[in-house]
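Colleague: Just passing along the structure, written as structure tokens.
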Amino acid sequence: MGWANKEAQKRKAFSDYVIKFLDEKFDQGVDSGKKIDPKLVEKQMNSEKIGSVKRFLINDRLTARQIASYFSRKAAKNRQSSTQKSATQQVTNI
């Protein structure tokens, strides 16, 4: 392979416990009414421990950009589901 040829990046889905952690942080932001900074979540992922063992392996840790993208997709999904619910309620009220 030549130096100018780029390799295709492999996409990997986030593990279940990473998604659970991100969902908890997202819900904290929704409950408090203040968005949680993805950089702060990244730092928490890098430093959080269970006993003396780090909670997330190096392969499971996400960058602030990945976390921000996940939060954005989740917020869009929440907005879409809430607009569908309100539209359904309006139709049933007619």
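Colleague: At R0 = 25 Å, how high is the FRET efficiency between Asn59 and Asp31 if r is their beta carbon distance? Nearest 0.05 is fine.
Modeller: Efficiency for this residue pair is about 0.25.
Colleague: Would you tally the net charge around Asp23, using a Cβ to Cβ cut-off of less than 11 Å, leaving Asp23 out, and scoring K and R as +1, D and E as -1?
Modeller: Residues near Asp23 contribute 0 overall.
Colleague: Right, here's the next one. Using only Cα atoms, figure out Rg for the chain and give it as a multiple of 2.2 N^0.38 Å.
Modeller: It is 1.48.
Colleague: Could you give the angle, 0 to 90 degrees to the nearest 10, between helix 16-32's Cα long axis and the longest principal axis of the Cα atoms of the chain?
Modeller: It is inclined by approximately 50 degrees.
Colleague: Hey, another quick one. Roughly how tilted is helix 38-47, in degrees to the nearest 10 and between 0 and 90, from the longest Cα axis of the chain?
Modeller: Computed tilt is about 50 degrees.
Colleague: Next question. For a distance above 12 Å, tell me the whole-number percent of Cα pairs in the range 32-82 that qualify.
Modeller: Counting pairs separated by more than 12 Å, the tail of P(r) holds 69 percent.
The numbers here are math on the coordinates, done by the rules we state, and not lab data. As the structure is a prediction and not an experimental result, all values here were calculated from the model. Don't worry about glycine lacking a Cβ; one is built from the backbone with ideal geometry, like all the others, and counts go over all protein chains shown.
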